Amino acid sequence: MEIIPAIDLRAGSVVRLVQGDYERQTTFSDDPLAVARTFEAAGAPRIHVVDLDAARSGVPAHTEVVRAIAAAVSVPIELGGGMRTAADVAAALDAGVGRVVVGTAAVRDPRLVSELLDVHGPARIVVGLDAVDGLIAVSGWTESTSVPATGLMARMAEVGVRRFIATDVARDGTLSGPDFDGLAALVLQARELGGGVRVIASGGVATLDHLKRLAGLGVEGAIVGRAVYEGTVDLAEAVAELGGE
């Protein structure tokens, strides 16, 4: 299982929000490149970067910072937040990002996802299943929808998406533990969909035991944020213990 540390960017700094609430922010560093290098040194197989400003506005705000991060480390970068046009996705990939996470656009403009898959291939396009009580949230999690995460996964898999990041918004940044039952259901659905559909878990991880339980569910990876910054998960230890095939 891949252990994927997260760098959430807001106004150029590395921050974490609680439950996606922009008023509940903790700033951990003003040097995202140094953070990325630390993660690489700890053995992270990839780094998950989120442009929080773009997630809310829909306009990429950290393209040059992301470019610098991608140049500063040799591990692949995946980028989410505000990826709502073909041009923005292309610009992110041109900046050195390995794959792009599409969330809001998957709900509001599903044809765009099909176009992105045609142009860039399924290995470079990931769909985010950001959910509150099983229903997708969009626009940086500031707006709720009536779209079930399971339904979005099924529709996106049908058009060719093969990788999904499942985030329980209510648990994100809380260190309260992942939604193991919800993730188990999504992993089962992914297997039933076939075609190599995979799920990456995000939200609530606080301990190595949480990561071990996620590995047991069969998720492809787990994104870890606040737990790494606050030291409740040792990234190097987690990668060493769980990062093998």
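Filter segment 17-38 down to residues that are crowded, with 21+ Cβ neighbours inside 10 Å and at pLDDT below 95 and give me whichever is nearest to Gly82 (Cα to Cα).
It comes out as Gly20.
Can you name every residue in segment 116-133 that is surrounded by 16 or more Cβ atoms within 10 Å (Cβ to Cβ) and either farther than 20 Å from Ala222 by Cα or not aliphatic (A, V, I, L, M) (or both)? Explain how you work it out, then say what you get.
First, pick out the residues of segment 116-133 that are surrounded by 16 or more Cβ atoms within 10 Å (Cβ to Cβ): 116-117, 120, 122, 124-132.
Leu116, Leu117, His120, Pro122, Arg124, Gly128, Asp130 - these are the residues of segment 116-133 that are surrounded by 16 or more Cβ atoms within 10 Å (Cβ to Cβ) and either farther than 20 Å from Ala222 by Cα or not aliphatic (A, V, I, L, M) (or both).
Filter segment 77-97 for residues that are in contact with a helix residue (DSSP H, G or I) (Cβ under 9 Å, 6 or more places away or on another chain) and part of a helix (DSSP H, G or I) and give the result.
Scanning segment 77-97 gives Ala86, Asp88, Val89, Ala90, Ala91, Ala92, Leu93, Asp94.
Looking only at residues in segment 71-115 that are surrounded by fewer than 23 Cβ atoms within 10 Å (Cβ to Cβ) and polar (S, T, N, Q), which one is farthest from Val126 (Cα to Cα)?
Ser74
Look through Arg67, Arg10 and report the one residue that is among the basic types (Lys, Arg) and in contact with a Leu (Cβ under 8 Å, 6 or more places away or on another chain).
On the way: Arg67 fails: in contact with a Leu (Cβ under 8 Å, 6 or more places away or on another chain).
Result: Arg10 is the single residue among Arg67, Arg10 that is among the basic types (Lys, Arg) and in contact with a Leu (Cβ under 8 Å, 6 or more places away or on another chain).
May I ask you to list the residues in segment 192-214 that are of a type outside the set (Lys, Arg) and closer than 14 Å to Gly177 by Cα?
Passing the criteria: Ala201, Ser202, Gly203, Gly204, Val205, Ala206, Thr207, Leu208, Asp209, His210, Leu211, Leu214.
Looking at segment 98-113, which of its residues are of a type in the set (A, V, I, L, M) and either in a helix (DSSP H, G or I) or touching a residue at least 40 places away in the same chain (Cβ under 8 Å) (or both)?
Within segment 98-113, Val101, Ala105, Ala106, Val107, Leu112, Val113 qualify.
In segment 43-62, what residues are β-branched (Val, Ile, Thr) and buried (at least 20 other Cβ atoms within 10 Å of the Cβ)?
Ile47, Val49, Val50 - these are the residues of segment 43-62 that are β-branched (Val, Ile, Thr) and buried (at least 20 other Cβ atoms within 10 Å of the Cβ).
For the structure I just gave you, tell me whether Ala44 is under 18 Å from the mean Cα position of the chain (by Cα), farther than 25 Å from Leu211 by Cβ and aliphatic (A, V, I, L, M).
For Ala44, the condition - under 18 Å from the mean Cα position of the chain (by Cα), farther than 25 Å from Leu211 by Cβ and aliphatic (A, V, I, L, M) - is not met.
Conditions: (1) more than 15 Å from Arg16 (Cα to Cα); (2) more than 17 Å from the chain's Cα centre (by Cα). Glu230 meets all but one. Number of the miss?
Here Glu230 clears every test but (1).
Name the strands (runs of 3 or more DSSP E) wholly within segment 114-185 that hold at least 1 residues that are among the polar types (S, T, N, Q)?
Details: elements: 125-132, 135-138, 143-148, 163-168.
Filter on segment 114-185 gives 143-148, 163-168.
Considering (1) within 30 Å of Asp30 (Cβ to Cβ); (2) buried (at least 22 other Cβ atoms within 10 Å of the Cβ); (3) modelled with pLDDT of 95 or more, say which one Gly231 fails and leave the rest.
(2)
The values are calculated or read from the model by the stated rules, or taken from the named source; none is laboratory data. Given the structure is predicted, the values throughout are model-derived calculations rather than measurements. Virtual Cβ from ideal backbone geometry, glycine too; neighbours counted across all protein chains shown.
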